[in-house]
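K.L.:
Sending over a structure as structure tokens; questions will come in a sec.
The values are calculated or read from the model by the stated rules, or taken from the named source; none is laboratory data. Only a predicted model underlies this, so the values are computations on that prediction, with no experimental measurement involved. Here the Cβ positions follow ideal geometry from the backbone for every residue, glycine too, while neighbour counts run over all protein chains shown. Surface areas here come from the heavy atoms of the whole protein model, side chains and all, with no ligands, DNA or RNA. Shrake-Rupley method; radii C 1.70, N 1.55, O 1.52, S 1.80 Å.
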Amino acid sequence: MSERKDIGYGAPVELTEGPFKGWLTWGDGRDPFETLVGPLVFRTEADGTQRAAFLPERKHLNGGGAIHGGCLMSFADFSLFAIAHNALRDTHAVTMTFNSEFIGAGALDGWVEARGEIIRDTRSVVFVRGIVTQAERPLLSFSGTLKKIARRE
């Protein structure tokens, strides 16, 4: 397990070692499911866009040896929040809608990544869409709506 540097209450934490050194995660125990299926990570690229990633392990595979569809959908849901990270900086949010289409099969042969865009950011919701790829091969397209809610201290 990597050492982590906390960067604030409710904020993701930065990984300080390992292949994802410098990336951020919420899977540090505060989100038990993401901790279980992860590590799922994200970072801001030089152009200001968000990029999410995970390194598939045997635990992510289905009986046929491909990355499980539920794993890809969980990663895409995580990626909605990563892509919308800057829009959600001062608030908490939950997934209100989630849509996905399977395009291809993933394997244990490299990082799985997601990129996307905010379609619209309103006072109460953020609309996001993106694509999950592995070695530039599309695996899953996705979209969703995030509902902004007040943080509970």
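K.L.:
How high is the FRET efficiency between ARG137 and VAL94 when r is their beta carbon distance and R₀ equals 30 Å, given to the nearest 0.05?
P.N.:
0.45
K.L.:
Return the carbon/sulfur percentage of the accessible area of the chain, one whole number, probe 1.4 Å, all protein chains in place.
P.N.:
53 percent
K.L.:
Under the classification rounded if a/c is under 1.5, otherwise prolate if a/b is larger than b/c and oblate if not, where does the chain fall, given a ≥ b ≥ c as square roots of the Cα gyration tensor eigenvalues?
P.N.:
It comes out oblate by the Cα gyration axes.
K.L.:
Oh, and also: Top to bottom by accessible area (1.4 Å), largest first, where do THR44, THR145, THR49 land?
P.N.:
Working: THR44 75, THR145 15, THR49 50 Å².
Ranking THR44, THR145, THR49 by accessible area, largest first, yields THR44, THR49, THR145.
K.L.:
Right, here's the next one. Just report the Cα centroid separation between segment 38-86 and segment 93-153, whole Å.
P.N.:
9 Å
K.L.:
So how much accessible area does ARG120 have, in Å² to the nearest 10, using a 1.4 Å probe?
P.N.:
150 Å²
K.L.:
Same structure again: Mean-square fluctuation check for the chain, GNM, Cα pairs under 10 Å: which of GLY64, GLY22, GLY38 is largest?
P.N.:
Looking only at GLY64, GLY22, GLY38, the largest GNM fluctuation is found for GLY64.
K.L.:
Hey, for a label at ASN86 modelled as a point 7 Å past Cα toward Cβ, could you say which residues of segment 110-151 have their backbone N under 12 Å away?
P.N.:
Output list for this probe position: 117-118.
K.L.:
LYS147: which aspartates and glutamates have alpha carbons under 20 Å from its alpha carbon, excluding same-chain residues fewer than 8 sequence positions away?
P.N.:
Counting by Cα, and skipping residues close in sequence, LYS147 has these aspartates and glutamates nearby: ASP31, GLU34, ASP77, ASP90, GLU117, ASP121.
K.L.:
Now for a separate question. What accessible area per residue, rounded to a whole number of Å², is obtained for segment 17-123 using a probe radius of 1.4 Å?
P.N.:
Per residue, segment 17-123 has 53 Å² of solvent-accessible surface.
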